[in-house]
Amino acid sequence: MPNLRKWVNLSFLICGVLVGFLFREAFSSLYDWIGWRVYDWVLSPADLSGIAVGFILFVGLVRSEKATNFLTDVLVELSKVTWPNRKETLVSTGVVSILLGIAALCVTLFDSVWMWITEKFLY
């Protein structure tokens with residue numbers, strides 16, 4: 001259980017950073033739209049807003065017992081998954097690639113035939 005706690009906290013940190021970056025971009029766009037430009041600041045108001053939102057989210061997630069229990073349960077269930085070995089992964093990748101190529105050829109053929117038919121009728 002203590003080993004999972006560090007992964008849960010790391011996930012919360014990543015979530016806080018991503019949401020903070022998203023809010024920073026949103027606030028930056030909003031400030032540009034309003035026309036509020038501050039050039040002599042080390043951190044712009046958009047940066048400070050994104051950092052604040054990300055930090056508040058991180059602290060809220062760490063303190064939330066429901067979020068911690070949920071993510072711990074997710075990690076426990078993921079540890080029960082039987083992952084494919086390297087050979088199975090390569091074979092599956094090959095099969096998917098071949099079928100994708102066949103599908104692309106079929107779509108290209110259909111598109112070419114359809115283009116030829118429409119050119120004959122329309123021009």
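Structure values in brief
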| quantity | calculated |
| --- | --- |
| Options Val53, Val95, Val81, Val59: the member that is among the aliphatic types (A, V, I, L, M), farther than 30 Å from Ile14 by Cα and open to solvent by less than 100 Å² (accessible area, probe 1.4 Å) | Val95 |
| From Phe110, Phe55, residue being in a helix (DSSP H, G or I), at pLDDT 95 or above and within 22 Å of the chain's Cα centre (by Cα) | Phe55 |
| Condition broken by Phe23, with the remaining ones in (1) of a type in the set (Phe, Trp, Tyr); (2) open to solvent by 100 Å² or more (accessible area, probe 1.4 Å); (3) over 22 Å from Val8 (Cα atoms) satisfied | (2) |
| Unmet criterion (only one of (1) β-branched (Val, Ile, Thr); (2) within 30 Å of Ser11 (Cα to Cα); (3) open to solvent by 80 Å² or more (accessible area, probe 1.4 Å)) for Val107 | (2) |
| Some residue of segment 30-43 being part of a helix (DSSP H, G or I) and within 22 Å of the chain's Cα centre (by Cα) | no |
| Every residue from segment 64-107 that is among the β-branched types (Val, Ile, Thr) and at pLDDT below 95 | Thr68, Thr72, Val74, Val76, Val81, Thr82 |
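The values are calculated or read from the model by the stated rules, or taken from the named source; none is laboratory data. Nothing here was measured: the structure is a model prediction, and the numbers come from that model. Areas reflect the complete protein model, heavy atoms only, side chains present, ligands, DNA and RNA absent. Shrake-Rupley method; radii C 1.70, N 1.55, O 1.52, S 1.80 Å.
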